[in-house]
């Protein structure tokens, strides 16, 4: 399979609300490429827009923990409800390498989603998996972890964010000069 380029903070696709997936026919090859890309980057979750795809799709693998024994694929996900106490946990992001922030999120989330076979499900998730789902759903709605913290915390990473944004703009210019369009 293929390792896809992970786009970074500053790329406009990361601020878009992603479109619903209507055709599941060729989704398995995209999912496979996304898993390869996530593993190569040593992440636990990856949203489609992080690899330049405008689709409501994300994957998660927390099998390295005691919480889960399988990988997860979520298509056309939407958070139905959030439950429990707010929890603070440090989160990193593959689209913001080198930046980790303490993000507050609800303890559990109920997600409505499709699986690659087209079946709809509605399940409650907690722990690391629940947090990762909320993080990836944020991506699909154009929200970053930096948007979830206060101004003081954001200012600490202002230089890194500007550099990521500048590098993203350079990559976009380079791709458009070569005739590539995402």
Checklist outcome for this item: For region 36-149 the mean separation of alpha carbon contacts under 8 Å (6+ apart) over residue count, i.e. relative contact order in percent, is 25 percent
Checklist entry - Which Rg and Dmax, in Å, describe the Cα atoms of region 1-87? => result 13.8, 41
Checklist entry - Just from its helices, what would the mean residue ellipticity at 222 nm be for the chain, if runs of 4 or more DSSP H residues each count -39500 (n - 2.57) and the sum is divided by every residue, rounded to the nearest 500 deg cm²/dmol? => result -9500 deg cm²/dmol
Checklist entry - Modelled label-to-label distance, residue 80 and residue 29, 7 Å Cα→beta-carbon offset: nm? => result 3.4 nm
Item to check | Proxy reagent accessibility, fewest Cβ within 10 Å first, across 139, 8, 121 | outcome: 121, 8, 139
Checklist entry - When the distances between all Cα atoms of region 12-177 are binned every 5 Å from zero, what whole-number percent does each bin get? => result 1, 8, 17, 21, 22, 15, 9, 5, 1, 0
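Taken together, the values in this text are just the output of simple stated rules run on the coordinates, not laboratory data. Owing to the predicted nature of the structure, the values given are computational and were not obtained by experimental measurement. Quick reminder, even Gly has a Cβ in these numbers, built from the backbone with ideal geometry, and neighbours come from all protein chains shown.
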